[in-house]
Structures are given as structure tokens and as C-alpha cells.
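Enquirer: Structure incoming, see below.
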Amino acid sequence: MADQTMAEHAAVMVAKLQTLLQENVGIASVTVDGQQVAYTKLREDLAYWQSVVDRASGVAYNVTITLQGVTSGESDSAEVEVELRNLGDIDGSGSRVGLDKQYFNQRLNNVATPYTDRTYDLDGSGGAPTGTDKQVMNQALNNVPLP
């Protein structure tokens, strides 16, 4: 795995597990040298590795939001699509790299980039990126713990 990123390794694991599960439909478990492996465990492993791939690719999740009035008691729900990615992963590649900082600096200097201001709002304050957002970006790029 030394030459692979975690996302690449996860994609390989997903492919292997999908093939293994497809080729062995109906088998509950296998015992080799006294070590039993249940196929339910393989499905759990597949779900884990798929979630790693999804996180790295900035996959969108559907989230249901329900609001309820305090005085009226009436409620309503809506489903929204939310894209999750690592803090500072501006381009959604799955990792923070120099290109992310380049986009960030361009946006701070009012140079057009392919991403919305929300992408650069790393401190959650709203609006265009600020010096505080840049500080968060630098901390994220240098693996400095964030408060």
C-alpha cells in the first residue's frame, strides 16, 4: 500500500470484496485451519471500505431535516443533499494538497476559482473567506490539531 493512497487502497478492497461476495453467494462461512470467517463479516468490511471511498470522493449524502414549531406543534420535513469532505479539501480529491492551498489563495485574492465561497469557509462564519479561514487551512495542511 506504500505507493497507494488510502482512497486507492479502499477502491481495490471494494472491488475484491464485491467479487468475492458475488462469486460465493449463499455461503454462510468458511473455515481455514480452524479460523472461521463469516460472510456477514465480509459484507461489513465491504460497507466500511465503500465508506472510505465515498468520503475520499466527496460523495453526496441525503439528509432529512425535520422542523417543528414550538407553539404550533406543526412540523415539516425536507430531504437535502449534502457533500462531505475533509476540512481544507477544496477540490474534493480526498486529501489536502498544494492545489487546495493554491485555490484558497486565489480566492482570497479575488481571483476566480471553480468553487463557491462556501467551499472556502473553513471556520463556519459564512460569506467570503477571511484570514481566519486561511489560518484553519494552514493548520489543516500542516496536520496541526484544530480547536
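Enquirer: Between [x] 21.2, 65; [y] 14.3, 43; [z] 17.6, 58, which entry matches Rg and Dmax of the Cα atoms in Å as derived from the coordinates of this structure?
Expert: Recomputing Rg and Dmax of the Cα atoms in Å here picks out [x].
Enquirer: What is the local net charge at MET137, summed over the other residues whose Cβ is closer than 9 Å to its Cβ (Lys, Arg +1; Asp, Glu -1)?
Expert: Charge balance in the 9 Å sphere: +1.
Enquirer: Hey, another quick one. Nearest 500 deg cm²/dmol is fine: what mean residue ellipticity at 222 nm does the chain get from its DSSP H runs of n ≥ 4 alone, each adding -39,500 (n - 2.57), divided by its residue count? Don't skip to the end; give the middle numbers.
Expert: Details: 5 runs with 62 residues, N = 147.
Dividing the helical sum by the residues of the chain leaves -13000 deg cm²/dmol.
Each reported figure results from applying straightforward, stated rules to the coordinates on display, with no laboratory input. For clarity, every value in this text was computed on a predicted model and none was experimentally measured. Cβ: placed from backbone, ideal geometry, glycine included. Neighbour counts: every protein chain shown.
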